[in-house]
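Remarks on the structure that follows.
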Amino acid sequence: MRAALLILLGLVIGVIGTVPVMNALDARNPMPKAVMTTMGFHMHQLQGALKAQRCEGAVVQEQLQHMQVIASDIPNAFPGAPQPFLDHAAKLRSALQSAVQAAPTDCPSLAAALKPVGAACQDCHREYR
Ligand code: HEC
């Protein structure tokens, strides 16, 4: 009887103990937020350039290239993500690749290049954020 109670107690402690540990592990993985915060930073820079009507080709291209590299980190930063999420990430990568290839040198071409990029961000956020 005593052994059975101890086993039961062990199980209860085990279950109660697991949840906070999992939460703590989750909270300790800063990658998803870090990747998205950095992505948001570059997007914000580009939107600022548009707003200020200062879309210098070299500066814009550097931001776009950073975003392209960061986008390739999304699958690793969100381990275990479902396939539709990965599809959204792939869509963002290809939108950024097109934007880099378009190499905008003025604000109208930057705005055009950013449109599918922004749509790819929104599509994923609508479903998963
Ligand atoms: C494949 C899916 C996906 C794509 C594509 C995506 N995001 Fe996110 N984003 C997320 C998820 C999921 C979160 C919530 C992350 C969290 O709270 O841990 C998020 C959160 C964010 C945040 C808030 C971060 C915070 O502080 O909580 C910003 C900013 C952001 N994304 C910017 C962007 C930008 C800009 C793009 C496009 C260039 C983009 N994201 C594309 C999935 C995506």
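What follows is calculated from the coordinates using simple rules that are stated; it is not laboratory data. Here the structure is a predicted model, which means the values were calculated and not measured.
Worth a mention:
- Couplings 3J(HN,Hα) of region 110-122, computed from phi: 5, 4, 5, 5, 7, 4, x, 5, x, 5, 5, 4, 5 Hz, in residue order, whole Hz [Karplus 6.51 cos²θ - 1.76 cosθ + 1.60, θ = phi - 60°; x for Gly and Pro].
- Whole-Hz Karplus values for region 52-67 come out as 7, 6, 10, 10, 6, x, 5, 5, 4, 4, 5, 4, 5, 5, 4, 4 Hz, taken residue by residue from phi with 6.51 cos²θ - 1.76 cosθ + 1.60 and θ = phi - 60°; glycine and proline positions read x.
- Whole-number percent relative contact order across region 30-128, with pairs defined as alpha carbons under 8 Å at least 6 apart: 34
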